[in-house]
Structures are given as structure tokens and as C-alpha cells.
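Visitor: Right, I'll just put the structure down here and ask away after.
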Amino acid sequence: MDIIPAIDIKGGRCVRLYQGDYSRETVFSDDPVAVALQWQAQGASRLHLVDLDGAASGTVRNMSVVESIVKKVSLPIQLGGGIRDRATTSRLLRTGINRVILGTVAAEKPDLVRDLCREFGDAIAVGIDARDGRVATHGWLKDSRLTALEMARTMAALGVRRFIYTDIKRDGTLAGPNFEGIASMVAAVNVPVIAAGGISMPEHLRELEELGVEGAIVGKALYTGNINLREALASAQQSQRK
């Protein structure tokens, strides 16, 4: 199981939100590039970037920061937030982003997602962000009637090869993942699932691995020191050898 550090970017800084609330942010660094290099030095095999300004506005807003990270690190990078058309998707992939995460556009324009999957294949992932089991869009500011499992099944049928599933009420809380929701997601689709939201201790990572997720995105717990990335990666490698 991959353990993927999260770098959430707002106003050019590295921040964490509480349950996706833009008014409840904690700034952890004014230099996201330095943070990316830190996680790379500690052994990360991939980085998860989110343009929070882009997610809320509908267009990528922190492109210069993203480009700087891509130039400085040698890791695969996945990016979400404000990616809602083919032109932006193509531009990001040309820039060096390894995987583009589609969220709002997946809920609103499934045909476009189908076309992008056909064109870009494994470089396309869909982010399913759920609040009380229902999908939230537009930077988690709008709730839809679509359930997370309904969206996952629909997207899988359209050719999506990977999902990033986030429980919004757990995100940034250190309260523990929604294991039940994650297990349901893994069971619902026959494609890899990466879990996020609420991970705060090594035991959570072990439980997620047992559920069969491909990866776990860890954010706040890394910044607060609740989880040591080097130790978590070493533990994961040891588990794989068994």
C-alpha cells in the first residue's frame, strides 16, 4: 500500500482545512516546494497535491507553485482542484503531472470523463469526496444527491481506472478514517481505491491495508507529527515482505 503525503495549496501556501471548511485553515508552511522536498527526502514514492483555490473557483489557481514542485522533485505527482476541461488536463500532463484527479466535472460531465479516460488512460483518476455518503462538489462547497457508491459505479463503467475516496467529515480532524465507507467503496468497484480523510496513527494505515486499498493519503497527521513518514513507510515495506 502506498502512503502518499498530501500538500494542500491555498494562496500559495501549504495549509490544511478542517472538514473542508475554507474558513478553518491551518498554515503549515509558506513554502510548498520545501514541503515537497521534505517528503521526498523522507522516502515518499508519490505526492498528492490539491489546489484548494482551484477547487472552489473552477480553474487552477496555483499553477506556478505546482510547476515549481514538478521541477524540484523527482516523484510522480497527482493533482486535483479546478480541473474541469480537456485543455487543463492536457496542459497539466504536459507540465509533468503524472495523474490528474477529476472531481466536480466527473459529477457534472460524465461524458467528458469518459473521453478523457479514452485519451489519457491511467493518467486520469476520479476523486469521490463524500459527506454523509453523498458526493460534494465545487471544492466541497456544494452537496449533490448522488451517493458515493453510485458515482463510483458510474465512473467505473465509463472507464475510470482509479478512485481517490475522501470522507469530508473526517478530513483534517485526526478522528480516524471512515473504514465502513472505504470498505464499501473497495467492494463496489473492481479498480484501485486510494483512501483519504482522518488518518492519524500507524494503526489506521494497517487497517486500511487490510481493507485492500491501493494507497492512503496522509495530510494533517504528517504535519502534526502524529505519523512519522519514514517509520510508516518502513512498516509498510516490512508488511509487504510477510
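The values are calculated or read from the model by the stated rules, or taken from the named source; none is laboratory data. None of the values given here were measured: they were computed from a predicted structure. All Cβ positions, even for glycine, are placed from backbone atoms using ideal geometry, and neighbour counts span all protein chains on display. The area values use the complete protein model at the heavy-atom level, side chains included, leaving out ligands, DNA and RNA. Shrake-Rupley method; radii C 1.70, N 1.55, O 1.52, S 1.80 Å.
Visitor: Calculate, for residue 173 and residue 118, the FRET efficiency according to 1/(1 + (r/R0)^6) with r their C-beta to C-beta distance and R0 35 Å; round to the nearest 0.05.
Guide: So the FRET efficiency works out to roughly 0.40.
Visitor: Run the 1.4 Å probe and let me know the accessible area of residue 186, rounded to the nearest 10 Å².
Guide: 40
Visitor: What spacing in nm lies between the two simple spin-label points modelled at residue 31 and residue 206, each 7 Å away from Cα in the Cβ direction?
Guide: 3.6
Visitor: For the chain, what class follows from the C-alpha gyration tensor (a ≥ b ≥ c being the square roots of its eigenvalues): rounded when a/c is under 1.5, otherwise prolate if a/b is larger than b/c, else oblate?
Guide: Rounded.
Visitor: Going by average Cβ density within 10 Å per residue, which order do the peptides 67-75, 154-162 take, highest to lowest?
Guide: Peptide ranking by packing, descending: 154-162, 67-75.
Visitor: Over 24 Å between Cα atoms: which of 10/71; 10/109; 169/220; 72/142; 109/220; 71/109 fall into that group?
Guide: The pairs that break the limit, which is 24 Å between Cα atoms, are 10/109; 72/142; 109/220; 71/109.
Visitor: To continue, here is another question. For the chain, what does -39500 (n - 2.57) per DSSP helix run (n ≥ 4), summed and divided by total residues, give at 222 nm, in deg cm²/dmol to the nearest 500?
Guide: -11500 deg cm²/dmol
Visitor: How would you order 95-102, 83-90 from highest to lowest mean count of nearby Cβ atoms within 10 Å?
Guide: Result, highest mean Cβ count within 10 Å first: 95-102, 83-90.
Visitor: Of the accessible area of the range 185-242, with the probe set at 1.4 angstrom, what percent is carbon plus sulfur?
Guide: Carbon with sulfur: 43 percent of the solvent-accessible area.
Visitor: Would you calculate the separation in nanometres between label points at residue 87 and residue 74, each defined as 7 Å from the Cα along the Cα-to-beta-carbon direction?
Guide: It is 3.6 nm.
Visitor: Expressed as a whole percentage, what fraction of the accessible surface of the range 1-83 belongs to carbon and sulfur atoms when a 1.4 Å probe is rolled over the protein heavy atoms?
Guide: 42
Visitor: Taking the solvent-accessible surface of protein heavy atoms with a 1.4 Å probe, what is the per residue accessible area of the chain in Å²?
Guide: Dividing the accessible area of the chain by its residue count gives 43 Å².
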